[in-house]
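Q: Structure below; questions to follow.
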Amino acid sequence: MLYFAPISRWKGISLARYARITGWGKYLPEKVLTNKDLERLVDTTEAWILARTGIKERRIAADDETASSMAVHAARQALKVAKLSPDSLDLVITATCTPDLIFPASAALVQHELGAENAAAFDLNAACSGFIYALATASQFIASGTYTNILVLGSEVYSRILDWQDRSTCILFGDGAGAVVMQASDTPPGSLNFVLGNDGSGVDLIYTPGPCGTNKGPYYIKMSGSEVFKFAVNIICLATRQVAKSANLDLKDIELIVPHQANTRIIKAAAKFLEIPAGKFFVNVDKYGNTSAASVPIALCEAVEAGRLRNGDHVVLVGFGGGLSWAAMLLEWGAGRKL
Ligand code: UT7
């Protein structure tokens, strides 16, 4: 399904409210786990992991770190970039499937820790697509005129749901957090469109059981890697085409694509099918592995810091994962006058 922003009603007046990213931040735990380290844990090789995934190393949270504590670090950076104080936030959304607690939401812990006392807070679970789902949700709260300043987070501690004896999964994932501040503006640029989707028939292709279901545990991630791989390549292509078309843009008008960081082979295959130069895809999976809902905001943050985005550029964020879920968002990048 396609949704169109940003024209909406605002306080009874027809008014365009653009939802613009004005701040970004990331947090990666200190501990580095290399492919060489994994050779000592499971029957694998450094060379296999690099060749089949593009991953060289990933970060592992310390015992006292959680999705909320990492999100707070990323959030503080994003608020600093946006020059916004926590008490100006209207809403905190944390995309995570590794929350600190079953309830309340990790976003509630983040809200308290930041002192965002005027903000509503909730978590959103759309697995690895979660951050873009959350960003789309934030853009709609802004387009409707409901909220002005929203903190959107992706934060994960997959190291706690990995079976460290399963070589087909434990080599892929890492921990980390990313954040953006999204603010209302009466002038462009901002978010243009998004595409969200899900195919529940693929639930069993990648999932983690939990204590509230019928499964007695252990609660480790299960994945049919090659099935997810094929789905990922197809859906990146489909969602990217859809979101560009919905804004009447050609793929050549897109300056940068920030995909979910799961595997460089997935990204290269998508680039090939889309006939987009692979260099237009931002890649940092080599450093952090797959950080699920945190991967897109961490990558976006690094893309900005690396000078890969200029004012007026069109950027597509695109993700996929458990659900089977997918999400793409098209943004026109740049600073401008806020409301
Ligand atoms: O956020 C979304 C999350 N998930 C993904 O994006 C995952 C998508 N899938 C993938 O990235 C790839 O499917 C994997 C990296 C997981 C696996 O790569 P593959 O090229 O699809 O390998 P495969 O599963 O077809 O396995 C090929 C062989 C198998 O051996 P046999 O049966 O051919 O003898 C596996 O047992 O590779 C073996 N294998 C390994 N060998 C060394 C699987 N994992 C490993 C390993 N080290 N870590």
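The values are calculated or read from the model by the stated rules, or taken from the named source; none is laboratory data. Only a predicted model underlies this, so the values are computations on that prediction, with no experimental measurement involved. We place every Cβ from the backbone using ideal geometry, glycine too, and count neighbours over all the protein chains shown. Each accessible area value is taken on the protein alone, full model and side chains, heavy atoms only, with ligands, DNA and RNA left out. Shrake-Rupley method; radii C 1.70, N 1.55, O 1.52, S 1.80 Å.
Q: Identify the GluC sites (Glu not before Pro) of the range 12-66 meeting these criteria: DSSP loop state and at most 10 other C-beta atoms within 10 Å of the C-beta.
A: Loop-located and lightly packed - 30.
Q: Give the angle, between 0 and 90 degrees and rounded to the nearest 10, that separates the Cα long axis of helix 295-305 from the longest principal axis of the Cα atoms of the chain.
A: Between the helix axis and the principal axis of the chain, the angle is about 60 degrees.
Q: When N is the residue count of the chain, what does its C-alpha Rg come to as a fraction of 2.2 N^0.38 Å?
A: 0.93
Q: I've got another one for you. Could you give me the ³J(HN,Hα) list for the range 244-251, computed from phi with Karplus coefficients 6.51, -1.76, 1.60 and θ = phi - 60°, whole Hz, x at Gly and Pro?
A: Each residue of the range 244-251 in turn: 5, 4, 5, 9, 6, 10, 8, 4 Hz.
Q: Using the structure shown, list the pairs from 245/268; 36/222; 56/83; 80/268; 80/280 with a Cα-Cα distance above 25 Å, or answer none.
A: Where the Cα-Cα span goes over 25 Å, the pairs concerned are 56/83; 80/268; 80/280.
Q: Helix 130-143 versus the longest principal axis of the chain: what is the Cα-based angle in degrees, 0 to 90, to the nearest 10?
A: 10
Q: Summing -39500 (n - 2.57) over the DSSP H runs of n ≥ 4 in the chain and dividing by its residue number, what mean residue ellipticity at 222 nm do you reach, to the nearest 500 deg cm²/dmol?
A: So the calculated ellipticity at 222 nm is -9000 deg cm²/dmol.
Q: Mind checking which of 48, 326, 24 has the largest fluctuation in a GNM of the chain, springs on alpha carbons under 10 Å?
A: 48
Q: Karplus couplings for the range 326-334 from phi (6.51 cos²θ - 1.76 cosθ + 1.60, θ = phi - 60°), rounded to Hz, Gly and Pro as x?
A: 3J(HN,Hα) across the range 326-334, in whole Hz: 8, 7, 9, 9, 9, 10, 9, 7, x.
Q: Using Cα springs under 10 Å in a Gaussian network model of the chain, which residue among 217, 312, 197 shows the largest mean-square fluctuation?
A: Maximum among the listed residues: 217.
Q: Pop out the carbon and sulfur fraction of the accessible area of the chain as a percent, whole number, probe 1.4 Å.
A: Roughly 54 percent, rounded to a whole number.
Q: Keeping every protein chain present and rolling a 1.4 Å probe, give me the accessible area per residue for the chain in Å².
A: The answer is 42 Å² per residue.
Q: Can you divide the C-alpha Rg of the range 190-309 by 2.2 N^0.38 Å and report the result to two decimal places?
A: Computed over Cα atoms of the range 190-309, the ratio equals 1.19.
Q: Also: Please identify the GluC sites (Glu not before Pro) of the range 235-339 that satisfy two criteria: DSSP loop assignment and at most 16 other Cβ atoms within 10 Å. Which are they?
A: Passing both the DSSP loop test and the Cβ count: 255, 275.
Q: Separate question: What are the residues whose amide H is under 5 Å from the amide H of residue 24, where those residues sit 5 or more places off or on another chain and H is modelled from the backbone?
A: Those qualifying (amide H under 5 Å, at least 5 residues apart or on another chain) are 81, 82, 181.
Q: Something else: Can you list, largest first and rounded to whole Å, the semi-axes you get for the range 248-322 by taking the square root of 5 times each eigenvalue of its Cα gyration tensor?
A: Whole-Å semi-axes of the equivalent ellipsoid: 19, 15, 11.
Q: Can you give the % of DSSP beta bridges in the chain that are antiparallel, to the nearest 5?
A: 75
Q: How about the range 292-337: which trypsin sites (Lys or Arg not before Pro) there are in a DSSP loop, with at most 16 other Cβ atoms within 10 Å of their Cβ?
A: Filter output for the range 292-337: 310, 337.
Q: Give the distance, in whole Å, between the Cα centre of the range 93-166 and the Cα centre of the range 227-252.
A: 25
Q: Give me the angle, in degrees from 0 to 90, between the Cα long axis of helix 67-82 and the longest principal axis of the Cα atoms of the chain, rounded to the nearest 10.
A: 40
Q: Using alpha carbon coordinates only, what is the Rg to Rh ratio of the range 173-227, with Rh defined as the Kirkwood radius?
A: 1.15
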